[in-house]
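> Pasting a structure below so you can have a look.
The values are calculated or read from the model by the stated rules, or taken from the named source; none is laboratory data. Because the structure is predicted, anything quoted here is derived from the model rather than measured. All Cβ positions, glycine included, derive from the backbone under ideal geometry; neighbour counts span all protein chains shown. Just so you know, the surface numbers come from the protein's heavy atoms only, side chains and all, with ligands and any DNA or RNA stripped out. Shrake-Rupley method; radii C 1.70, N 1.55, O 1.52, S 1.80 Å.
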Protein chains: 2
Amino acid sequence: MVNQVQRVDGGWQASKSDSSGASNSGGESSKESSRCSTPVLDADRTDRLRDKMRRRMESGDHWFSLEFFPPRTSSGAVNLISRFDRMGSGGPLFIDITWHPAGDPGSDKETSSMMIASTAVNYCGLESLLHLTCCNQTKEKITAHLNKAKRLGLKNIMALRGDPMEDRWEEEEGGFSYAVELVKHIRCEFDDYFDICVAGYPTGHPEAESYEDDLRHLKEKVDAGADFIITQLFFRAETFLKFVKDCRAIGITCPILPGIFPIQGYQSLRQLVKLSKLEVPEEITQVIEPIKDNDAAIRNYGIQQAVGMCKVLLESGEVPGLHFYTLNREVATIEVLRQLGLWIEDPRRPLPWAISAHPKRKVEDVRPIFWASRPKSYIYRTQDWDEFPNGRWGNSSSPAFGELNDYYLFYLKSKSSKDDLLQMWGEELMSEESVFEVFTSYITAQPNRGGHKVMCLPWNDDPLAPETNLLKDELEKVNRRGILTINSQPNINGKPSSDPIVGWGPPGGYVFQKAYLEFFTSSENVTALLKVLKKYEPRVNYHIVNVQGKNTTNAHDMQPNAVTWGIFPGREIVQPTVVDPVSFMYWKDEAFALWIEQWAKLYEEESPSRMIIQYIHDNYYLVNLVDNDFPLDNCLWQVIDDMFELLDSPPENLE
Amino acid sequence: MVNQVQRVDGGWQASKSDSSGASNSGGESSKESSRCSTPVLDADRTDRLRDKMRRRMESGDHWFSLEFFPPRTSSGAVNLISRFDRMGSGGPLFIDITWHPAGDPGSDKETSSMMIASTAVNYCGLESLLHLTCCNQTKEKITAHLNKAKRLGLKNIMALRGDPMEDRWEEEEGGFSYAVELVKHIRCEFDDYFDICVAGYPTGHPEAESYEDDLRHLKEKVDAGADFIITQLFFRAETFLKFVKDCRAIGITCPILPGIFPIQGYQSLRQLVKLSKLEVPEEITQVIEPIKDNDAAIRNYGIQQAVGMCKVLLESGEVPGLHFYTLNREVATIEVLRQLGLWIEDPRRPLPWAISAHPKRKVEDVRPIFWASRPKSYIYRTQDWDEFPNGRWGNSSSPAFGELNDYYLFYLKSKSSKDDLLQMWGEELMSEESVFEVFTSYITAQPNRGGHKVMCLPWNDDPLAPETNLLKDELEKVNRRGILTINSQPNINGKPSSDPIVGWGPPGGYVFQKAYLEFFTSSENVTALLKVLKKYEPRVNYHIVNVQGKNTTNAHDMQPNAVTWGIFPGREIVQPTVVDPVSFMYWKDEAFALWIEQWAKLYEEESPSRMIIQYIHDNYYLVNLVDNDFPLDNCLWQVIDDMFELLDSPPENLE
């Protein structure tokens, strides 16, 4: 007798989802099944939000989610997107973006709710829930918002009534007066496309006739098609637990997530309490009134209070996940999550690059290495693609890359101000060597002549990645001499997929890399380099191109070279990063343009500094090198050494 | 100034084809190019015969080709196919199959020219040239033959007039009288689809008015569209070299391949000379007449004479390749080729499995491991597929496998006779243990009780592969105890692609394998095995199935597990072998049926021997195991040891 054995998975959350893979397909049944359409590693990428919740509840994994409001200003938008990247690394199940009717929330403005949510999904890879209020809006307007949200890749809507504008309540002709009508409308117009969340009020909605009446309204919203509930904030665990009990008693069975508000300051508490018409319990006012002018003390108390309450909630067994009202701040929420053990300190990467959460991109599992430090630009330039290279890059008949003329877009623009950039990259450049020094300072993380640390370069928005740090000494040496590196990776010969620096993918696997080096350098250097590279055939593949597109290579002109791959238990090979000769020509345009768009334009026209950058742009070559012999020591540094040796030798050697 | 650098390839022939990959794509030109449709490793697979010849001539690599005639009998066909496999391993550029008008050459009979050529292409992976004669045939009949050849995957035709039937010359109404008309007809009806070869006569066609007249006829055939020439046999190098010179003089520029006839016996020489109306030069008759009854001596002389002549030809610089009239024999031709250094002793494998030469399969680069020892059956069962899994197995929406009911087909049937099989597998089986002994004898290559070596099993047509030999000791041990192994591979952690035993693919790469073991075993063993396997989660993946299809697995039910892959310079990852859960259910049917079709049916119905095999078929399970931890020591033997330990322990452990 053969017993069915359930697959036992390791602790990696994404892998858990596969436990349904244990199968007992009797007889001919397997003949019926069509092949899987994609070998995606991580079921989390393909599931919808409610399925992710279900799986997490089944496995007993608590989750958290984070609420943000749209920023007021363009620089606020840039900062919020960086915050998404940082807070996303802690592992929220989703984030949500509130809807501000006064702020043109459905528009294309970079500060709109719609654009912020879209950026979170597309560029930050975060599962996102967009709020939508229905009062004072026509049905058509609402449908238009929903259509736009769908087009942008948003899959989850928090359906709210919203507050009347300017405290006056006017029923919109042909519009909706209640959230339940909005839920019905979404289900009617968009069927099952969206996951829908509705609001719950643990102490009853302030305008409801009674607590019981409000519960009945909530039940109606769930019956109309809502998938889960997030509650208004509250100050005592028992308030929420009673509410859940009452909900269950009248037949509400969906997940109910408590809204947690860590008190972060006296003023913000007062304001929120006023808006939400809540009463702060005496045990809290007693503590904070005496310290109301001491921000740090209040924040510490808020953290402590929230942690205590959350612990009670989680231990009750009634709470699958916690929802945090962050007020767009990081410290308090992260500290609460850390103390609860919910913040992921060392996030596992499903792939070496951060994936996008747009449904269209959920099968995406390979990208060219060139955009490794500019993933948002890659996503932007491929946003119109209908399908994504899926498995083999070479198989895709992908449409062309979009032009990159929109450097001003808030998710593409540098996080630093012009003044900061000038301090980092030089108020005044004296020569090409001044540029070499900027690159060197970036690599070494040492202050430049002016005493400023170079935290970014036009091709690298962030300081050196931990992985690149492995190559720091070699990179410093070559940048000093004008090998201006913009991208590199060390060779890796089968490190565990759990490796904290280079690991990615499910546990129990092994990851590999070929050494890669990409840099700008002068045409004199390139002449010597090409002589040297002949000695490294066929071990080293290269592409060398100038701004005019003059391209020299020893690689096949269509065949990509896989430079990162992973081998996992029970899987096909995954090769998420390639050196692709076709897309290199598109990257070349972008890489050269960044000299001008981000650097040269910091200086006056005709100024010597600008002319130096323009000279480099016009005359340097962009070079990429791959060392195919990944089990041996990386030979690319030797290639560069040989090149300098040749340059330093008597000139006849260069003939 | 950047110079264009030509790619320098290593000695591997398939790789050379890529030298066209060195590119200098200026400006925007790369934006025009569509992506490559397939990452095939070996350009030889995609090129047509004339392009292969051109590349070999450009690189100065001499080639050889082999001529065979169709067999008379069904068992002759089985033998000839084995000979194709053996002689194919020496690396002929192509083989050709003669056309015997008297033998129903275009029919579906297993001895027909058409079926032999089709088998060579589809099942043996050999580039093949099918002869076709035109005399005594209608145009329609000829077109039908050509259509059939095209449908079967044949791409090359040798266009001949042929000899009149029974020595009478009757012009066919509406038919062709000359080969030139056949060439024109092929080009007219099939455009450029076929590569066409025509015959050349170094001493002039016996029926031609003159040598010069015959040369003019040859020029007409080439002008009509022939791509290359193979000559009639000759005995002196200078005969051929003069002929080539005369051809070039009148403007014939295509390749001209000398037909080499190693003298193999007195009678065959006499017969051939009579048929071809050639004269044997005196220097040869003087040698062979005195030794005409000594076959060995004549063969030795023939080898020596052919080698000497071929050396002169090759050294002349006029001969790109040699064409051998093998007379369907191996020894003499192989010996000549060995002495010339043209026979490939250690053939490089482009992929771990032998590829098919059917044009439809030229992109095929992944197969399930199950058919590793029965590749012809795999090709047969997938012959109706429109496209082949190309890159990722899982991505393919492949049609179902064809049924395997045609065990009698000559390319699927056992090479051994029923008597031989009974001697190997037992005239009379006493118990299941008798079967264990057969498996053990096969593994050890030691004679069985009856003194006969077990050279094959129903699942393995050939003796143990060199790679499997690496596992011989372990395999012997477990087969003795009823783990009846039918397929296995050791784990390999990055051996050079040039490794003589496990290497494959272009040079400079690294190959990898996960350890794999597949066997039949009793349900008692399976019960213990499943208990043991829990300890090996998630390191070991398994599929366990009985003849009814009751399937137990800890693997995803759609996701294949790559078990052989290679990493090469400038390439994407190649993963040619997978454990695919979907196709395993089709393989299971075949693997169980082979017990009955090939083994049980050797015995009388109701006989004890037959009932023992039937019992195994009905009650045993087919198990496959993959050790995912390829960098560590193979743990599958430990799994089996643990299983036996559990079985040997007190029974309560098995509860």
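> Sorting A:Ser268, B:Ser59 by accessible area (1.4 Å probe), largest first, what list results?
Details: A:Ser268 25, B:Ser59 55 Å².
Most to least solvent-accessible, the answer reads B:Ser59, A:Ser268.
> For a test of the definition: using alpha carbon positions, the gyration tensor, and the 1.5 limit on a/c, classify the range B:53-198 as rounded, prolate or oblate. List each step's numbers first, then the result.
On the way: a/c = 1.92, a/b = 1.28, b/c = 1.50.
Oblate.
> Note the buried accessible area between B and A here, summed over both chains, with a 1.4 Å probe, in Å² to the nearest 100. Walk me through the numbers before you get to the answer.
Numbers: alone 30080 and 30060 Å², together 52700 Å².
In total, this chain pair buries about 7400 Å².
> Let me ask something additional. Suppose we keep just the DSSP beta bridges with both residues in chain B; what percent of those would be antiparallel, to 5? Could the numbers behind the result be given before it?
Numbers: 37 of 69 bridges.
Approximately 55 percent, going by the DSSP bridge assignments.
> As I understand it, the value is the acute angle between the Cα axis of helix A:74-88 and the longest principal axis of the Cα atoms of chain A; what does it come to in degrees, rounded to 10?
Its long axis makes an angle of about 90 degrees.
> Going by alpha carbons, how many degrees (0 to 90, nearest 10) lie between the helix axis of A:179-190 and the longest principal axis of chain A?
For A:179-190 against chain A, the angle is about 50 degrees.
> Which one of B:Leu93, B:Leu602, B:His556 is farthest out on the positive end of the charge dipole of chain B, using unit charges on Cβ (Lys, Arg +1; Asp, Glu -1) and the Cα centre as origin?
Toward the positive end, the furthest listed residue is B:Leu93.
> What does the structure give for A:571-580 when I average, per residue, the other chain Cβ atoms found within 10 Å of the residue Cβ?
Average neighbour count from other chains, rounded to a whole number: 5.
> What nm value, rounded to one decimal, do you get for the distance between B:Lys535 and A:Asp295 when each label is placed 7 Å out toward the C-beta?
6.1 nm
> Probe radius 1.4 Å, ligands and nucleic acids ignored: give me the carbon and sulfur share of the accessible area of the protein assembly as shown as a rounded percent. Write down the numbers at each step before the final one.
Values: 25200 of 52700 Å².
Roughly 48 percent of what the probe reaches on the protein assembly as shown is carbon or sulfur.
> How charged is the neighbourhood of B:Leu421? Take every other residue with its Cβ under 14 Å from the Cβ of B:Leu421, and add Lys/Arg as +1 and Asp/Glu as -1.
Numbers: positive: B:Lys413, B:Lys415, B:Lys418, B:Lys453, B:Lys601, B:Arg610; negative: B:Asp419, B:Asp420, B:Glu427, B:Glu428, B:Asp461, B:Glu597.
Summing Lys and Arg as +1 and Asp and Glu as -1 gives 0.
> Here's another thing I want to ask about it. How large is the helix-only mean residue ellipticity at 222 nm for chain B, computed as the sum of -39500 (n - 2.57) over DSSP H runs with n ≥ 4, divided by its residue count, in deg cm²/dmol to the nearest 500?
Details: 23 runs with 239 residues, N = 655.
Roughly -11000 deg cm²/dmol at 222 nm, from the helical runs in chain B.
> What accessible area, in Å² to the nearest ten, does a 1.4 Å probe give for A:Glu212?
100 Å²
> While we're looking at this one, here's another question. What distance in nm separates the two pseudo spin-label positions at B:Glu209 and A:Ala208, each 7 Å out from Cα along the beta-carbon direction?
11.2 nm
> Then there is this: What nm value, rounded to one decimal, do you get for the distance between B:Ala102 and A:Ser316 when each label is placed 7 Å out toward the C-beta?
9.8 nm
> Compute the FRET efficiency between A:Ser276 and A:Tyr408 as 1/(1 + (r/R0)^6), taking r as their Cβ-Cβ distance and R0 = 45 Å, and round to the nearest 0.05.
On the way: r = 37 Å, r/R0 = 0.83.
It comes out at approximately 0.75.
> Once you order the gyration tensor axes a ≥ b ≥ c over the Cα atoms, which shape class does the range A:499-655 get: rounded for a/c under 1.5, otherwise prolate or oblate by comparing a/b with b/c? Before the final figure, lay out the partial values.
On the way: a/c = 2.27, a/b = 1.44, b/c = 1.57.
Oblate shape, in that a/c is at least 1.5 and b/c is the bigger or equal ratio.
> Set the bar at 25 Å for Cα to Cα. Now go through A:Lys415/A:Lys601; B:Lys52/B:Lys141; A:Lys52/A:Lys362; B:Lys109/B:Lys453; A:Lys148/A:Lys418 and name every pair that lies beyond it. Please report the intermediate quantities before stating the final value.
Working: A:Lys415/A:Lys601 16 Å; B:Lys52/B:Lys141 30 Å; A:Lys52/A:Lys362 15 Å; B:Lys109/B:Lys453 33 Å; A:Lys148/A:Lys418 34 Å.
Result: B:Lys52/B:Lys141; B:Lys109/B:Lys453; A:Lys148/A:Lys418 exceed 25 Å.
> Further question: Of the beta bridges DSSP finds with both residues in the range B:76-188, what % are antiparallel, to the nearest 5? Walk me through the numbers on the way to the answer.
Details: 1 of 9 bridges.
Around 10 percent of the beta bridges assigned by DSSP in the range B:76-188 are antiparallel ones.
> What is the angle, in °, between the Cα long axis of helix A:523-533 and the longest principal axis of the Cα atoms in chain A? Nearest 10 is fine, range 0 to 90.
In chain A, helix A:523-533 runs at an angle near 80 degrees to the longest axis.
> Write down the accessible area per residue of the range A:436-545 in Å², having rolled a 1.4 Å probe over the full set of protein chains.
Details: 3920 Å² over 110 residues.
Per residue, the range A:436-545 has an accessible area of 36 Å².
> Still on this model: Can you tell me the accessible area per residue over the range A:176-327, all protein chains present, probe 1.4 angstrom, in square angstrom? Walk me through the numbers before you get to the answer.
On the way: 6890 Å² over 152 residues.
Value returned for the range A:176-327: 45 Å² of accessible area per residue.
> So, taking all protein chains as they sit and a 1.4 Å probe, how much accessible area belongs to A:Lys415, in Å² rounded to tens?
90 Å²
> Can you give me the relative contact order of the range A:277-382 as a percent, contacts being Cα pairs under 8 Å and 6 or more apart?
Working: 35 pairs, mean separation 18.6, N = 106.
Reported relative contact order: 18 percent.
> A follow-up question, please. Please list A:Arg151, A:Arg270, B:Arg187 from largest to smallest accessible area, probe radius 1.4 Å, with all protein chains kept in place.
Descending accessible area places them as A:Arg151, A:Arg270, B:Arg187.
> Let me ask something else. Once you keep just the Cα pairs under 8 angstrom separated by 6 or more residues, what percentage relative contact order results for the range A:408-487?
Details: 74 pairs, mean separation 23.1, N = 80.
Answer for the range A:408-487 is 29 percent.
> For the protein assembly as shown, what is the percent of antiparallel DSSP beta bridges, rounded to the nearest 5? Intermediate values should be presented prior to the final figure.
On the way: 74 of 138 bridges.
Of all bridge pairs located within the protein assembly as shown, approximately 55 percent are antiparallel.
> Which of B:Val454, B:Leu257, B:Pro576 sits farthest toward the positive end of the charge dipole of chain B, with +1 on the Cβ of Lys and Arg and -1 on the Cβ of Asp and Glu?
Checking the options against the dipole of chain B, the answer is B:Leu257.
> Under the definition of partner shielding as Cβ atoms of other protein chains within 10 Å of a residue Cβ, what is the mean value for peptide B:537-543? Please report the intermediate quantities before stating the final value.
Numbers: counts 8, 12, 2, 2, 4, 1, 0.
Partner Cβ neighbours, averaged per residue: 4.
> Hey, another quick one. Mean separation of Cα pairs under 8 Å and 6+ residues apart, divided by the residue count of chain B: what relative contact order is that in percent?
Details: 1109 pairs, mean separation 73.6, N = 655.
Here the relative contact order equals 11 percent.
> Estimate the FRET efficiency between A:Met57 and A:Ile284 by the formula 1/(1 + (r/R0)^6), using the beta-carbon distance for r and 25 Å for R0, to the nearest 0.05. If you can, show how the numbers build up before the last one.
On the way: r = 31 Å, r/R0 = 1.23.
Given R0 = 25 Å and the Cβ-Cβ separation, E is 0.25.
> For an R0 of 35 angstrom, estimate the FRET efficiency from the Cβ-Cβ distance between A:Ser431 and A:Thr73 and round to the nearest 0.05. Before the final figure, lay out each step's value.
Details: r = 38 Å, r/R0 = 1.09.
In this case the efficiency is close to 0.35.
> Still on this structure, I have one more. When the dipole is taken about the Cα centre of chain A, and only Lys, Arg (+1) and Asp, Glu (-1) are charged at their Cβ, what size is it in debye, to the nearest 20?
Values: 70 positive and 95 negative charges, 249 e Å.
So the magnitude is around 1200 debye.
> On to the next question. With a ≥ b ≥ c taken as the square roots of the eigenvalues of the C-alpha gyration tensor of the protein assembly as shown, please select rounded if a/c is under 1.5 and otherwise prolate if a/b is larger than b/c or oblate if it is not?
Working: a/c = 2.42, a/b = 1.65, b/c = 1.47.
Because a/c hits 1.5 or more and a/b exceeds b/c, the protein assembly as shown counts as prolate.
> Could you pull the copy-to-copy label distances for A:Ser107, with points set 7 Å along Cα to Cβ, in nm to one decimal and sorted shortest first?
The projected label point of A:Ser107 is separated from its counterparts by 8.5 nm.
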